């Protein structure tokens, strides 16, 4: 069975089952799907969502094919999606290419959310799916790149609140704001505290990269506040999204594969250090920003390492 990549993070953790053979996830050596941006970042069944994939080292427009998982994950499988989603248990949609659109299936909240189908005669009722720590449910969207392993992106789906009193459920409907994708504004580089152009990265230098996103002062801040239903207290709790940055490059070495900001950190940037190779040449970099509710934004950078 081919390895599975998870592209849209649930909460702040990266999930995946690709074996670790010593190669860091930030090093890109072959074409790979790094992320999928969905617009809107959260949708109800029946709504149309536009998808755009970030493919590293792609030669032109990659001929991606798109589909959604057609069955829910069995409780016996310990992964973000069921193994059947990597087989033929999918529903194809959209065209072939890095951008497409498709409707969230009408049964998405039944297959992947809290709604339960009617039990079969003589069988016990189905157990509803659990929400993640942000109260979210996700539609697995499979993306296939010829010659590579399939990838699965997770589109957050808006489902009914279950387990709450009618009063709390009504309050939730009035207060909950669907997720918007974060806005990655720019990625800049410095060497020894001085700005450096992306096409003039000194060979062998330690480069400090800074990814900056929209902050609290902007109309659409990347870290949004939202309400989540707390099962223990049976009440709504207000939370703020954490943000995670994933870094990728074809050359050089990042100090960390991922950086970011927690719920209580209000800074609208994250930094990472990168050791440039000692040999001059091209350097491609990709930066992916994810929020705690699954929203995604990204930038691709074409740089060059030059002799000192």
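So for 48, 245, 232, fewest C-beta neighbours within 10 Å to most, what's the order?
Going from least to most buried by this count: 232, 48, 245.
Quick check on the exposure proxy: order 196, 207, 36 from fewest to most C-beta atoms within 10 angstrom.
On the way: 196 18, 207 22, 36 25.
By the 10 Å Cβ count, ascending, the order reads 196, 207, 36.
Note on the chain: GNM, Cα springs under 10 Å; of 265, 123, 241, the largest mean-square fluctuation is that of 123.
Relative contact order for the chain: 21 percent, from Cα pairs under 8 Å spaced at least 6 residues apart, divided by residue count. Angle of helix 166-175 to the longest C-alpha principal axis of the chain, folded into 0 to 90 degrees and rounded to 10: 30°.
By definition, a body whose alpha carbon gyration tensor gives a ≥ b ≥ c is prolate when a/c is 1.5 or more and a/b is larger than b/c, and the stretch 254-308 fits this prolate description.
Can you tell me the FRET efficiency between residue 103 and residue 307 if r is taken as the Cβ-Cβ distance and R0 is 51 Å, rounded to the nearest 0.05? Write out the running numbers ahead of the final one.
Values: r = 53 Å, r/R0 = 1.04.
In this case the efficiency is close to 0.45.
By the compact-protein rule of thumb, 2.2 N^0.38 Å, the alpha-carbon radius of gyration of the chain corresponds to a ratio of 1.06. In deg cm²/dmol and to the nearest 500, what is the mean residue ellipticity at 222 nm of the chain if only DSSP H runs of at least 4 residues count, each as -39500 (n - 2.57), divided by the residue total? Result for the chain, helices only: -1000 deg cm²/dmol. Taking a point 7 Å from the Cα of residue 257 along the Cα-to-Cβ direction, the residues of the stretch 53-79 with backbone N closer than 19 Å to it are 54-57, 79.
Contact order, relative form, for the stretch 188-308: 30 percent (alpha carbon pairs under 8 Å, 6 or more residues apart, mean separation divided by residue count). Cβ crowding within 10 Å ranks 47, 30 as 30, 47, fewest other Cβ atoms first. Would you please classify the overall shape of the stretch 15-128 from the alpha carbon gyration tensor, given that a ≥ b ≥ c denote the square roots of the eigenvalues, rounded means a/c under 1.5, and beyond that prolate means a/b larger than b/c while oblate covers the rest? Taking the square roots of the gyration eigenvalues as a ≥ b ≥ c, the stretch 15-128 is oblate.
Provide the gained length on full extension for the span residue 24 to residue 88, in nm with one decimal, where the gain is 0.36 nm per separating residue minus the Cα-Cα distance.
Working: separation 64, 0.36 × 64 = 23.04 nm, distance 3.03 nm.
The span from residue 24 to residue 88 would gain 20.0 nm if fully extended.
Is the stretch 164-308 best put as rounded, prolate or oblate by its Cα gyration tensor, with a ≥ b ≥ c the root eigenvalues, rounded for a/c under 1.5, and otherwise prolate when a/b is larger than b/c, oblate when not? Let's see the in-between values first.
Working: a/c = 3.43, a/b = 3.20, b/c = 1.07.
Prolate shape, in that a/c is at least 1.5 and a/b is the bigger ratio.
Compute the relative contact order of the stretch 133-188 as a whole-number percentage, counting only Cα pairs closer than 8 Å that sit 6 or more residues apart in sequence. All intermediate terms of the calculation are to be shown ahead of the outcome.
Details: 37 pairs, mean separation 13.9, N = 56.
Here the relative contact order equals 25 percent.
Both radii come from the Cα set of the stretch 83-215: Rg as radius of gyration, Rh as Kirkwood radius; their ratio Rg/Rh reads 1.13.
Taken together, the values in this text are just the output of simple stated rules run on the coordinates, not laboratory data. The structure displayed is predicted, hence computed values, not measured ones. Here the Cβ is made from the backbone with ideal geometry for all residues, glycine too, and neighbour counts use every protein chain on show.
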